[in-house]
Amino acid sequence: MKTEIFKEIHKFSHDDEWRYRLLIRGLQSIQEEKKSQGFFKKLERRFVRKYKRIKVSAWK
């Protein structure tokens, strides 16, 4: 769902008013989705972000 909204936003020009309306609707839906998640899912999301390691690869 998230990617569909952002693909639609890219179709509009920067001057178009609908672009910003779609962006706000998309962000509201993401926020509602996060609110409806359970406690353990929120906790997992926090720890994954905190302890995610960045792997450095050699130059090719």
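The values are calculated or read from the model by the stated rules, or taken from the named source; none is laboratory data. Computed from a predicted structure; not experimentally measured. Areas reflect the complete protein model, heavy atoms only, side chains present, ligands, DNA and RNA absent. Shrake-Rupley method; radii C 1.70, N 1.55, O 1.52, S 1.80 Å.
Points worth noting:
- Which listed pairs, of 11/34; 35/55; 11/42; 7/41; 11/50; 11/52, have C-alpha distances above 29 Å, in listed order: 35/55; 11/42; 11/50; 11/52
- Helix 17-36 axis versus longest C-alpha principal axis of the chain: approximately 40°, rounded to the nearest ten.
- The alpha carbons of the chain occupy a box of 43, 40, 15 Å along the principal axes, longest dimension given first.
- Cα long-axis angle, helix 39-51 against the chain (0 to 90 degrees, to the nearest 10): 70 degrees
- Heavy-atom accessible area ranking, 1.4 Å probe, most first, across 57, 29, 13: 57, 13, 29
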